[in-house]
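Colleague: Let me begin by handing over the structure; questions about it come next.
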Amino acid sequence: MSRVVKALIFRELITRYGRKNFGFLWTFFEPAFFAFLVTLVWTFFRFHEKSTFPITAFIFIGYANGLLWRNTIGQCFHAIEANQGLLYHSIVKPIDLVLSRFLLEVLSVTGGAIGLGTIFYTLGWVPMPYDWSYLLLGWFLMSWFGLSMGLLFSALSILSDVVEHFLNAFLYIFWILSGSLYAAEMVPALIREYALYLPTLHIAEIVRYGLLGPIMNYYYEISYPVVFNLVAICIALFLLKVAEKKIEVE
Amino acid sequence: MEKFVKLENICKAFPLRIGVKYALKNINLTIKSEDKLGILGMNGSGKSTLIRIISGATKPTTGKVIKKMKVSWPLAFQGGFQGSLTGLDNLKFICRIYGANWKEKIDFVQDFAELGKYFYEPVKTYSSGMRARLAFALSLAIDFDCYLIDEIVAVGDQRFQKKSKVELFEKRADRSFVLSSHQPSYIKEHCNRFFVLSEGNLIEFESIDQAWQFYSKQ
């Protein structure tokens, strides 16, 4: 990791989480809270008596995995704008500002997932991962997706003021559609066909398979999100290059 | 290896609502080690833009900058401060990005910026004078071959200004400087090459007096 990115991460740690705050715990509580809520509803309707489906584990892993793109887009979006003053140091490049926020976010989401996963495992709500390699592959692919999107949106935020107004609505809808909270098997075949155009659904399936193992039918192709990410990151880097010319340091 | 900075055919244009403003027009300049450049220019003549292009903070519209020495950021720049960071945090950050050891620099910065206990408090609690002193001290904490000084170093009281002068021009007499100003006295005192930036053109003169003559006739 470059010296500059490392320095930016240290700096960001203090500015974001402060010295006394427990801000980083949010990446831990958010999926925890949601998993609890769904489990509560599940139990209330007595689904657990009719089904052995590990609902808590299912929600937990999908949610935590989805945060890898949702939180990184949010963090990267204003990365350049918020730290524009630092570009006065010519060794600090716009991409460093995005990369440092991205890495910190991936670290904090991953840390939160490990912490929460350990607690759930101890409680017997989450199994030991069925296949670590799939779990890690999915984690990696989703982080990569988050990076591509983070770079893309940080470039777009400089190129156009309009993007910001649509971002929240877009993120909200995409959060529901992305595949983090439903499995491909749960939707009708006709819809599934279209849903599988979303790379995030493939990745979520890979991650779920890695944790839960063959308890249901999974629909994924590893090559699809890989190719998608490759194309997306190339477009993002190109747009960032274009956007860089537009950045004027005060 | 020879140390220098070379600007080749630098142009900088800013889009305006109506048309385009050419802030710099085809500038060629070589800064060698121990060169002390003084640039005279009126407000808005493009001095700051030129200095930012030399530092690398701003990209030229066309032309290129070849850097074969370590060039500072524009001195005493305060824009990089973040309110919740302390003076020490800022020192650590600067040292980390430039690859210096911050532990070795604490004494210098503490001594130079005269912040006392405030060095360990968030920058948002600082007075504007304290901020300026910290920014100045941080600029000097890192070792550069060429220092860029945009406008007179009018930081702090007279005593502090004197201290800054000693630190910059006496202790670093073997370095290069680019000093921009709209007054000749400072340039006369510290520089050995004299320029006027006028209507986007950079013109070199033999002496400060010639430069001043041209400048005051504008």
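Colleague: Restricting attention to helices (runs of 4 or more DSSP H) lying wholly within the range A:17-124, give those where 3 or more residues are without any contact (Cβ under 8 Å) to a residue 24 or more places away in the chain. Full working, then the answer.
Modeller: Details: elements: A:26-44, A:47-50, A:55-77, A:79-82, A:94-123.
By residue number, A:26-44, A:47-50, A:94-123.
Colleague: Do we find that A:I222 is in contact (Cβ under 8 Å) with a residue 60 or more places away in the chain and either surrounded by fewer than 16 Cβ atoms within 10 Å (Cβ to Cβ) or within 15 Å of A:I158 (Cα to Cα) (or both) in this structure?
Modeller: Details: in contact (Cβ under 8 Å) with a residue 60 or more places away in the chain: yes; either surrounded by fewer than 16 Cβ atoms within 10 Å (Cβ to Cβ) or within 15 Å of A:I158 (Cα to Cα) (or both): yes.
When the stated conditions are applied, A:I222 passes them.
Colleague: Right, next: For the range A:64-101, give me each residue that is at the interface with another protein chain (Cβ under 10 Å from one of its Cβ atoms) and either more than 26 Å from B:I94 (Cβ to Cβ) or β-branched (V, I, T) (or both).
Modeller: A:I91, A:V92
Colleague: Go through the range A:202-240 and count every residue that is out of contact with any Phe, Trp or Tyr (no Cβ under 8 Å at 6 or more places or on another chain), away from every other protein chain (no Cβ under 14 Å) and either part of a helix (DSSP H, G or I) or within 22 Å of A:N83 (Cβ to Cβ) (or both).
Modeller: 13
Colleague: If you check A:A243 against the conditions, is it away from chain B (no Cβ under 14 Å) and either part of a loop (DSSP other than H, G, I, E, B) or in contact (Cβ under 8 Å) with a residue 12 or more places away in the chain (or both)?
Modeller: Criteria not met by A:A243.
Colleague: Regarding B:L168, is this residue buried (at least 20 other Cβ atoms within 10 Å of the Cβ) and within 25 Å of B:I27 (Cα to Cα)? If you could, list the steps in order and put the result at the bottom.
Modeller: On the way: buried (at least 20 other Cβ atoms within 10 Å of the Cβ): yes; within 25 Å of B:I27 (Cα to Cα): no.
Answer is no for this residue.
Colleague: Restricting to the range B:54-94, give me the number of residues that are within 16 Å of the chain's Cα centre (by Cα), within 7 Å of chain A (Cβ to nearest Cβ) and assigned to a helix (DSSP H, G or I).
Modeller: Matching residues across the range B:54-94 total 1.
Colleague: If you take just the helices (runs of 4 or more DSSP H) that sit entirely in the range B:125-207, which of them hold at least 2 residues that are at pLDDT below 85, of a type in the set (A, V, I, L, M) and over 14 Å from the mean Cα position of the chain (by Cα)? Give the steps one after another, and end with the answer.
Modeller: Details: elements: B:128-141, B:158-165, B:184-190.
Answer list for the range B:125-207: none.
Colleague: Which of the residues that make up the range A:127-144 are out of contact with any Pro (no Cβ under 6 Å at 6 or more places or on another chain) and buried (at least 21 other Cβ atoms within 10 Å of the Cβ)? So that I can check it myself, show each step before the final result.
Modeller: Narrowing the range A:127-144 to residues out of contact with any Pro (no Cβ under 6 Å at 6 or more places or on another chain): A:127-134, A:136-140, A:142-144.
Selection gives A:Y134, A:G138, A:W139, A:M142, A:S143, A:W144.
Colleague: I've got another one for you. List the number of the failed condition for A:M149; all other conditions in (1) over 23 Å from A:V231 (Cα atoms); (2) assigned to a helix (DSSP H, G or I) hold.
Modeller: It fails just one condition, (1).
Colleague: Taking the range B:113-152 as the region of interest, how many residues are more than 26 Å from B:S33 (Cα to Cα) and either touching an Asp or Glu at 6+ places or on another chain (Cβ under 7 Å) or among the charged types (D, E, K, R) (or both)?
Modeller: Residues of the range B:113-152 more than 26 Å from B:S33 (Cα to Cα): B:113-134.
Those still in the list that are either touching an Asp or Glu at 6+ places or on another chain (Cβ under 7 Å) or among the charged types (D, E, K, R) (or both) too: B:114, B:117, B:121, B:124, B:131, B:133.
Residues meeting the conditions: 6.
The values are calculated or read from the model by the stated rules, or taken from the named source; none is laboratory data. Model, not experiment: these values are computed from the prediction. Positions of Cβ are backbone-derived with ideal geometry, glycine not excepted, and every protein chain shown enters the neighbour counts.
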